[in-house]
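Shown next, in structure tokens, is the structure this report addresses.
The values are calculated or read from the model by the stated rules, or taken from the named source; none is laboratory data. Every value quoted in this text rests on a predicted model; they were computed, and no experiment measured them. Cβ coordinates were reconstructed from backbone atoms using ideal geometry, including for glycine residues, and neighbour counts include every protein chain displayed. The area values use the complete protein model at the heavy-atom level, side chains included, leaving out ligands, DNA and RNA. Shrake-Rupley method; radii C 1.70, N 1.55, O 1.52, S 1.80 Å.
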Amino acid sequence: MYTIDNKTYPCSTSVTMKFIGGKWKAVILVHLKDGAKRYNELRKLIPTITERTLSLQLKQLEDDDVINRTVYTEKPPLMVEYTLTDFGETLLPVLHEINRWGVEAAKTSKKIIRKTS
């Protein structure tokens with residue numbers, strides 16, 4: 001049993017999913033693996049996510065110390081960048097394997113149709 005923020009998790013898998021679970025967290029993290037991104041960059045990279053959902057997911061990832069939110073105020077306009085924390089970077093091998101599995105699943109599953117733009 002594990003406890004995070006006064007919530008109990010029954011196993012290590014549920015702990016991992018607390019940090020990357022849901023439809024969008026892993027997707028956001030994959031886009032941050034190559035470096036800092038601004039909010040609008042993430043919106044363009046993930047066009048099917050709503051602004052509200054992106055904001056909420058970024059806030060949760062920040063609260064969980066998976067990403068850093070840096071605000072630059074030296075000169076207008078205000079700029080905010082998101083980057084992986086050291087803790088967030090420890091998730092990269094997991095995200096890599098999730099991605100690898102998705103690529104292989106797309107090759108073998110009759111349910112998956114890959115659309116190219």
By the scheme Lys and Arg +1, Asp and Glu -1, what is the net charge of all other residues having a beta-carbon under 13 Å from that of R69?
-> -2
Residues whose built amide H sits under 5 Å from the amide H of Y9, excluding neighbours closer than 5 in sequence, are Y2, T3, I4
Please tell me the relative contact order of the chain in percent, rounded to the nearest whole number, where contacts are Cα pairs under 8 Å and at least six residues apart.
-> 20 percent
Say the cut-off is 20 Å between C-alpha atoms; which of K18/K107; K33/K107; K7/K33; K18/K110; K37/K75 go over it?
-> K18/K107; K33/K107; K7/K33; K18/K110
Could you tell me what percent of the accessible area of the chain is made up of carbon and sulfur, with a 1.4 Å probe and every protein chain present?
-> 53 percent
Kirkwood Rh for the range 1-41 from C-alpha pairs, in Å, is 11.8 Å
Per-residue ³J(HN,Hα) for the range 61-77, Karplus 6.51 cos²θ - 1.76 cosθ + 1.60, θ = phi - 60°, Hz, x for Gly and Pro = 5, 5, 4, 8, 6, 8, 10, 9, 10, 10, 9, 9, 10, 4, 9, x, x
Among Y72, H31, Q60, flag the residue with its Cα farthest along the positive direction of the charge dipole of the chain, charges on Cβ as +1 for Lys/Arg and -1 for Asp/Glu.
-> H31
Answer check: the chain, Cα atoms, Kirkwood Rh, Rg/Rh ratio of 1.01
Leaving out ligands and nucleic acids, note down the accessible area per residue over the chain with a 1.4 angstrom probe, in whole Å².
-> 73 Å²
What's the local net charge at D5, with K and R +1, D and E -1, over the other residues with C-beta under 15 Å away?
-> -1
Summed residue charge, Cβ within 12 Å of T53's Cβ, Lys/Arg positive, Asp/Glu negative | +4
With -39,500 (n - 2.57) per DSSP H segment of 4 or more residues and division by the full residue count of the chain, the 222 nm estimate, nearest 500 deg cm²/dmol, is -14500 deg cm²/dmol
